[in-house]
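Presented below is the structure to which this report refers.
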Amino acid sequence: MAAVTFISGDVLTAAQMNALDALAFNAQTGTTYTLVAADKYKLVTTSNGSAVTVTIPTGVFTAGESINVQSIGVGLTTISGAAVTITSTGTGTLGNAPILRARFSAATIICTAAGVFTVIGDIS
């Protein structure tokens with residue numbers, strides 16, 4: 001769902017109200033994927049037989065924006081950063097790169113400040 005700004009007196013149509021509750025998906029089948037601005041507030045799914053790396057780029061997301069990630073393939077998904085700071089309870093094999101714990105695990109990436117992200121969810 002794209003961010004929408006409302007002002008006093010705006011009236012929403014039924015379609016606009018329904019869109020507020022709709023979760024959009026971005027299915028990825030490769031072994032690497034770099035998040036883009038259009039991924040905010042979506043569920044990015046990863047499906048591959050090999051390990052998958054989802055990279056958070058610098059300068060794309062702002063504080064308060066979030067992205068959901070779910071691994072639906074057998075290859076585990078690592079969340080890494082390109083010149084960003086990631087905080088999480090997961091340590092991963094790359095220090096601060098959390099890994100979705102198992103097939104069908106999911107996590108939310110939250111931008112908490114410019115270039116700073118917290119990852120919460122089923123991670124190791």
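The values are calculated or read from the model by the stated rules, or taken from the named source; none is laboratory data. Just so we're clear, the structure is a prediction, and the values are computed from it rather than from any experiment. FYI the Cβ positions are ideal-geometry reconstructions off the backbone, even for glycines, and counts take in every protein chain you see.
Quick one: is T118 among the hydroxyl-bearing types (S, T, Y), under 25 Å from D21 (Cα atoms) and not in a strand (DSSP E or B)? If you could, list the steps in order and put the result at the bottom.
Values: among the hydroxyl-bearing types (S, T, Y): yes; under 25 Å from D21 (Cα atoms): yes; not in a strand (DSSP E or B): no.
Considered against the rule, which asks whether it is among the hydroxyl-bearing types (S, T, Y), under 25 Å from D21 (Cα atoms) and not in a strand (DSSP E or B), T118 comes out as no.
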Among the residues of segment 37-52, which ones are surrounded by fewer than 19 Cβ atoms within 10 Å (Cβ to Cβ) and within 14 Å of S80 (Cα to Cα)? A51
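Is there a residue being more than 21 Å from A24 (Cα to Cα) and of a type in the set (V, I, T) anywhere in segment 101-109? Please lay out each step first, then the result.
At the first step, the residues of segment 101-109 found to be more than 21 Å from A24 (Cα to Cα) are 101-102.
Then keep just the ones that are of a type in the set (V, I, T); that gives none.
Checking segment 101-109: not a single residue is more than 21 Å from A24 (Cα to Cα) and of a type in the set (V, I, T).
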Looking at T62, is it more than 22 Å from L100 (Cα to Cα) and touching a Cys at 6+ places or on another chain (Cβ under 7 Å)? yes
Among the residues of segment 65-77, write down those that are within 15 Å of A102 (Cβ to Cβ) and not β-branched (V, I, T). Q70, S71, G73, G75, L76
Do any strands (runs of 3 or more DSSP E) lying entirely in segment 1-87 carry at least 3 residues that are among the hydrophobic types (A, V, I, L, M, F, W, C), and which ones are they? 52-56
Scan segment 7-29 for residues that are surrounded by 10 or more Cβ atoms within 10 Å (Cβ to Cβ) and touching a Lys or Arg at 6+ places or on another chain (Cβ under 9 Å) and jot them down. A24, F25, N26
Restricting segment 74-84 to residues that are crowded, with 19+ Cβ neighbours inside 10 Å and of a type outside the set (S, T, Y), which is farthest from G115 (Cα to Cα)? L76
Would you check which residues across segment 85-100 are surrounded by fewer than 20 Cβ atoms within 10 Å (Cβ to Cβ) and either among the β-branched types (V, I, T) or at pLDDT 95 or above (or both) and list them? T85, T87, T89, T91, T93
